[in-house]
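Colleague: Sharing a structure, written as structure tokens. Questions coming.
Values in this text are rule-based calculations from the coordinates and carry no lab data. Quick caveat: nothing in here was measured; it's all calculated off a predicted structure. For neighbour counting, all protein chains shown are included, and Cβ atoms are generated from backbone atoms with ideal geometry for every residue, glycine included.
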Amino acid sequence: MDSIPPNSETAKKDSLGSTGKNNRHDKQQKSFAVRLVGYDMFLSFSLGPPPRGTRNYASDLARRLQDRNFTVFFSEEEAVPGDQLDSTLQQALFRSKCLVVIVNRGTLKDPRWVRKEVEEYRARHPGRPVIIINIGGALQDPELKDEAQQWLVYEDKIWLDESVSAVEQGRVSERLLDRLSITPKHIKRNLWWRGIKAGVFSLLTVFIVGMLFFAWRYGNENQRAKAATLLSVVNKEQTLDIKLATRLALEVEKSVPSPQSYEILKECYDQLPDYVANLDASNRPLTGIFSNDGNIFAAGFHDGTVNVWQPPSWKHIFSKKHDAAVSVIASNEAGTLLASSDAQGLTCVWNVKERKPLWSFQSAKPLSALDFTPDSNRLLLIEGKKYQSQVFFSGRVFDIATGRQLMEFNNAQPFTGGFFINDGNLVVTGSSDGSVLVWDSYSGALRKTLLPKSGEGIDAIEAIVSDAKRDLFAAVTFTNVHLWRSRDLSSFFHTSLSSGNVSVVLQEHPERSVLAVGCANGMVRLFSWCPARPEQPVTETCVKLPFNTIKVALNHEKDYFAAGSGHGIVNLWQHVGLPQVCGRVTTGSTTNTTVLSFDPTGEYLVVGTEYGSLQVVKGWRSLRYQTIAHQGEENITAFAFHPKKKWVITVAETTDIIDKTKPSHATVVLWDYSRNPAVAIDTVVHNSIVKDIAVNRDGTFYATASGNKISLWSTQDGCNLKTITFPAEVRCLSFARQHDLLAIGLGDNMVMVYERGSWKQLKQMKLSKSVSKVAFSAGDRYLGALCSGGPVYLYETGNWNASPRMVSGFDGRDRLLTMAFHPVEDLLAIGTEKDAYLCDIVTGKKKGVFFAGEWIFNMARSNDGKMLLTENGDERAGIPVSVPTVFDLFSQELLFTIPGIPLHSEPQFSYDDQLIGALDFNDLILFSLSRDTLIQRAENAVMSRPMTADEKRRYLGEAGLNSSFPVHAFFFIPPEQRLETLGYLSLFFLCAVILVALAGRPLTFRDTLGIEMPFSSERAQMIIESWNKDLRAQAADRQTKADFIMLLVYPVVLSLACVILSETSYGWMQTAGIIFSWLVLLCIPLDALENVMILKMLDGATDKPIPQITTAAAIIKFMLVIMALLYILIKVFPYIQSQQIG
């Protein structure tokens, strides 16, 4: 080894290296590590220069061992001035794993502290090694050998030799350093420290992940338990407040979704009434009207009551009583005056605002109409019903202010209606003799005859109406519709009708005016025109109800019109130009609709029935159902979903009602139901009835069965691809799901199978009965053919020549009505006269029974194979219909039924199982199964009934399931245990603070702020240099490292406190508390980043951007802490103040 003079530049650099910045970093690491795991080596040597002293040599040895990741105690480094040297040395000596003794002849002659250190070490740790560095062969000196043996005990031991020149130069030889590095048998303390840090980090990571997992698991279990409790409350509330129950079920489904919560939400939604207010009618309503400004709604009842409500709160503001049923009612435009007339002819005029009667008049006969002039100064009374032996029927005009009769005119037959026109100067009346007359409202003189008399009952005026502005008026007879202009009494429009008319309504609008006529056969005929373009002709569209139409209503603001039937069902349409049913109101009654009226804004629809109900509807549940209807008198008889797109193909029949001998025809329409209303993409007209329709497996074309032909049509351009003719009528058809096969059932009991492409016939089978349905099983392994009443024949598609297997009813008596294959497994669902059951195709054994209680007309399975949809026979109001019911296919559990739509044909699932399609007499109803759609619709349905603060506190606050507000981080801790947890965490935090304070003199608050927010590199360097002159650098190092424990505690304490206090509030204060609880948790990473940067600065790294990062992290941390503390003080201070007052 080359000699290096001790005063050389290299020696100076090495000397600086042993005391400079780099060594400080090692010392800081060593100081923190040895507090936990002690020293690797303790260097024992004689102080002073050679020949006795080895200070420089020991210093170099210590530095170079530290470079090799040993923790070394070197007395001049560790003995801080002012400390007790003996205690310092003794503590370090006892915590060292080995003792390294540097001896030369001077040390052996006068060992002093070296001998004492060796003796105490051996006494304390007799099994630990003592490594001797022999300088210049001192141990071999005969004069010193015996005395050294007494305390070094080096005989039979291995020592390390070093030259005297190395000691004089203060440089350790590489050979000795290598030998010394491999001599200890223990693990290096720095490596221990790194292992401990890695182990602690790994344990913390595993702990945190485990805690999150158990918190998630416990939270889910806790939430599910609370959800089950809350769902039991929902079941109780359903009979009391169905809207509250729906809100609770919504909260559960959004917070802890489960099959149970979803089914209960559907159940609650299905029970929701179609109204926002039930006007609590004690008797059946006979008439009802809105004022022109929509401020009031007035209704007359069979028991003689007149009631007035005020939208939008629908507060009852007025009630008066007649002695007989109130059948006619009218209001002035402002809604301040009300006139009502009963069955005995008594007419009363009321001041609605002051809630008092003005005057009354007794007529000889009951009235058919009442009307106010636009200026509310006069009132028209029209007699309209034969009473005893009276011959003449009168119309009278009264002065509103005095009740004095101003004018009277007479007619030989009863008037069917009348009203003012031309600003109240004229009166138009219609009568049962078919005449429409115009009278002078001041003199009573007959001004004009618009329709002459036709004789009583021959073509009587069924109804006479005007629009809101009295610009047009219409008269409807049994077979004709007449429309006139008010300004010049000229005829505007006339048409004939094919059926009796029971209701008519007229509305004028600058863009489109509409006259709607409800007919006795269920047809609603709509006549529309554009007043701004008189050159355009009047257009007519038709819609059809399953029952006779009793009432119709129109509203132009929302472009709605409604038709009420004789069985308590009200259908609503939108877009008069292309009518599509957009909603349905089920009144819960099968009686006639007596009241049907829109308010002027179109927000509300009032529906009354003979059953005694009077309901206010808003939204009319239109989102749950989507209806597809053909125009005119076409009734949809069959449909099929596209297998890959949101398309559906419908088949509608048209039969001439008047001339039954005319041949019927069918219209096939391809619809895009992703839009609402659905858009027709393509239309094909057949000259005969279409029996069945099916779409191939990739959706490129579909087949229609019409007569004895099958036609194939492209879904892209609607072109006819091929037509196949058969010897008998085609009854049914079905495409295979995975292969290009088409099965066809004929009326002569034949089943034929064709191959797509070549359209070659593969097989022809003869059955014992007529075929009612054909279908392919999972994987197209079997073809099933259902005969009328049973049985089902199963053919193997891989071996057509094999004999078919037969599946029949298990009790031998039930007739088989329908079937459906499972899409994946070899299972067949069969519907009978009593129930539906699953059958294993391979074994033929029964797998389960779906009891429905009635005949199973049709069934379908979902495309994922999890649900089975059946049509169960039922009877409503004497009309046989079916109830769609959905079962779990494997557990046979009833999932839900589809309410409110009487069906009569085979239902189907859409390709994504999000919709169920079924026919409602004339229309195709698409019923949504989507969870998100259901939640949205349920929220819309209960929007008018928000939960009160008491209900939130009672139900959601206790259950912890209020998803209307943000979820906090402590959801997994039960509410009753959160305060106790906060107490334990606060106690732990206080103990940690005390331990840090006891570990050494802490920094002052000013010093702490200075190092945490230095702002610039110059200021950071100035602080570090000043701290190096005293013990503040060591205190900062110790305090910063201890803060790694503190930062895990205080943000959690503040966050949990915000959560606990937020649960005592509602609204924005609760939301703010939960947001603060999340934000304050950001202090953990911010404080950790700040501490790392501080340690780097203490190590001398004060260059950019370390001080700036430290400052930014500290400022954001302090802002978050201050916000959390302010929220806590704001919430706690009122409580403390109330306690002091108390």
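Colleague: Restricting attention to the range 767-782, and to residues there that are in contact with a strand residue (DSSP E or B) (Cβ under 6 Å, 6 or more places away or on another chain) and among the basic types (Lys, Arg), which single residue is surrounded by the most Cβ atoms within 10 Å (Cβ to Cβ)?
Modeller: Checking each candidate, the answer is Lys773.
Colleague: Within the range 335-379, restricting attention to residues that are part of a strand (DSSP E or B) and of a type in the set (S, T, N, Q), which residue is nearest to Ile461 (Cα to Cα)?
Modeller: Taking the candidates together, the pick is Ser368.
Colleague: Sticking with this structure for a sec: Can you tell me which residue among Ile135, Ile158 is of a type in the set (A, V, I, L, M, F, W, C) and surrounded by 15 or more Cβ atoms within 10 Å (Cβ to Cβ)? Before the answer, list the steps.
Modeller: Details: Ile158 fails: surrounded by 15 or more Cβ atoms within 10 Å (Cβ to Cβ).
Going through Ile135, Ile158 in turn, the sole match is Ile135.
Colleague: Right, something else. How many residues are in a helix (DSSP H, G or I), among the charged types (D, E, K, R) and in contact (Cβ under 8 Å) with a residue 60 or more places away in the chain when one looks only at the range 87-142?
Modeller: 1
Colleague: State all residues of the range 713-725 that are of a type in the set (Ser, Thr, Tyr) and surrounded by 15 or more Cβ atoms within 10 Å (Cβ to Cβ); if no residue qualifies, say none.
Modeller: Thr715
Colleague: How about the range 1020-1037: which of its residues are charged (D, E, K, R) and without any contact (Cβ under 8 Å) to a residue 60 or more places away in the chain?
Modeller: Glu1025, Lys1029, Asp1030, Arg1032
Colleague: Moving on. Run down Ile710, Ile744, Ile693 and say which single residue is in contact with a Ser or Thr (Cβ under 6 Å, 6 or more places away or on another chain), surrounded by 21 or more Cβ atoms within 10 Å (Cβ to Cβ) and closer than 27 Å to Cys787 by Cβ.
Modeller: The conditions single out Ile693.
Colleague: For residues in the range 1001-1017 being assigned to a helix (DSSP H, G or I) and among the charged types (D, E, K, R), which is nearest to the chain's Cα centre (by Cα)? Walk me through how you get there before you give the answer.
Modeller: The initial filter retains those residues of the range 1001-1017 that are assigned to a helix (DSSP H, G or I), namely 1005-1012, 1017.
From what's left, among the charged types (D, E, K, R): 1006-1007, 1012.
On the way: Arg1006: 52, Asp1007: 52, Glu1012: 45 Å.
It comes out as Glu1012.
Colleague: Hey, among the residues in the range 777-809 that are in a loop (DSSP other than H, G, I, E, B) and closer than 12 Å to Leu828 by Cα, which one's nearest to the chain's Cα centre (by Cα)? Walk me through it before giving the result.
Modeller: Within the range 777-809, the subset in a loop (DSSP other than H, G, I, E, B) is 777, 781, 788, 790-791, 797-804, 808-809.
Right, trim to closer than 12 Å to Leu828 by Cα and you get 777, 808.
Values: Ser777: 36, Ser808: 45 Å.
Only one residue tops the list, namely Ser777.
Colleague: OK, next. Got a sec? Which strands (runs of 3 or more DSSP E) wholly within the range 394-488 have at least 1 residues that are over 21 Å from Ala339 (Cα atoms)?
Modeller: 405-411, 426-431, 436-440, 446-451, 472-476, 480-485
Colleague: Report the residue count in the range 1018-1048 for those that are surrounded by fewer than 18 Cβ atoms within 10 Å (Cβ to Cβ), aliphatic (A, V, I, L, M) and not in a helix (DSSP H, G or I).
Modeller: 2
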